[in-house]
Amino acid sequence: MPDTSGRRVKVVEVGPRDGLQNEKLSVPLGAKVELIDRLSRAGLRFIEAASFVSPKWVPQMAGSAEVMASIERRPGVCYSALTPNLQGLDAALAAGCDEVAVFGAASETFSQRNINCSVAQSLDRFRPVVQKALEAGVPVRGYVSCVLGCPYEGDIAPEAVLHVAQALLAMGCHEISLGDTIGRGTPESTRELLEVCLRDIPGERLAGHFHDTGGMAQANVCLALDMGLRTFDSAVAGLGGCPYAEGASGNLATEKLLATLHARGYETGVDMAGVQAAGRYIRQVLSDLRRQQAA
């Protein structure tokens with residue numbers, strides 16, 4: 001659990017899942033494995049490596065079991081996967097995932113567009129998934145999307161975010177990642193959200209997941225740090241966005257997050273040069289794929 005009284009920050013690398021899922025071109029299995037191995041060698045200890053969802057809906061996540069079977073399992077590294085239902089959970093458990101995640105939304109419309117059900121229905125679906133994972137000894141992380149705005153509804157009330165976060169914690173999720181899915185958050189709106197959430201949820205149970213669409217992600221991280229958060233999600237090379245939110249141009253780059261944290265005197269245990277090399281690698285892979293498609 002993060003030490004909110006000290007200078008240590010937990011960085012959760014989401015590029016291999018949340019990043020690559022938004023790429024239009026199919027990334028080869030070997031490239032996914034190489035990216036994950038480079039990230040673990042750089043000292044990242046929490047890597048979202050896969051997603052056990054239907055390839056019909058997220059084709060980039062096809063082959064997740066093969067990815068998990070092929071990576072170099074480094075001691076002390078937590079390799080996690082998104083598991084929206086019991087079928088996905090069973091596949092993740094069979095693949096040896098160290099942690100799984102469920103993904104809810106604070107917006108009713110986004111929930112319908114993303115997973116074809118209401119917020120309340122999504123929470124009902126997640127309960128047996130979380131229960132079965134915990135019975136198997138696998139911790140569960142909860143995501144809440146659209147916490148600082150929705151592409152369909154606009155502003156989202158902080159109380160709506162708190163409701164979903166509390167429900168996920170009550171199920172047994174050990175940590176809640178608050179996702180600014182469309183990257184419209186500002187330090188002011190981030191403060192308003194965290195003031196509400198922190199009244200009922202300890203800061204060590206929350207993570208910040210900021211997209212950099214509006215160029216404010218680093219400022220939002222600094223604000224969240226000042227308010228006691230010590231866990232942040234990011235994606236190497238700023239990969240990704242959200243396939244169900246047009247204009248969500250990308251996660252906060254891990255390189256930028258590390259630069260912000262290190263400049264402010266926080267410790268991460270992550271080697272910046274190694275992450276930069278991993279970023280150059282995946283950018284070259286994507287560039288080569290686009291060039292091949294255009295040829």
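The values are calculated or read from the model by the stated rules, or taken from the named source; none is laboratory data. All of these numbers come straight from a predicted model, not from anything done at the bench. No Cβ is skipped: glycine too gets one built from the backbone with ideal geometry, and neighbour counts run over all protein chains shown. The accessibility values were calculated without ligands, DNA or RNA, using every heavy atom of the protein model including side chains. Shrake-Rupley method; radii C 1.70, N 1.55, O 1.52, S 1.80 Å.
Annotations
- DSSP bridge orientation in the chain - percent antiparallel, rounded to nearest 5: 5
- The simple Förster model, with R0 at 22 Å and r as the Cβ-Cβ distance, assigns R191 and A259 a FRET efficiency of 0.45.
- Of the GluC sites (Glu not before Pro) found in the stretch 55-111, those in coil by DSSP whose Cβ has at most 13 other Cβ atoms within 10 Å are E72.
- Close Lys pairs in the chain (alpha-carbon distance under 23 Å; sequence gap of 8 or more, or different chains): 6.
- Under a 5 Å amide H cut-off, with hydrogens placed 1.01 Å from N, Y143 pairs with V102, F103, G104, S177 among residues at least 5 apart or on other chains.
- Report summary: the helix-based calculation at 222 nm, which adds -39500 (n - 2.57) for every DSSP H run with n ≥ 4 and divides by the residues of the chain, gives -13000 deg cm²/dmol.
- The stretch 1-95: Cα Rg divided by the 2.2 N^0.38 Å rule of thumb: 1.11
- Convex hull projection area averaged over all views, the chain, Cα basis, nm²: 13.7
- Under 5 Å between amide hydrogens, built in the peptide plane, is the criterion, and for S51 it picks out L82 among residues at least 5 positions away or on other chains.
- Rounded percent of accessible protein surface that carbon and sulfur make up, the chain, 1.4 Å probe: 50
- Once both labels are positioned 7 Å from their Cα atoms along Cα-to-Cβ, the gap between R199 and D90 label points is 4.3 nm.
- Average accessible surface for the stretch 1-141: 42 Å² per residue, computed with a 1.4 Å probe over protein heavy atoms with every protein chain in place.
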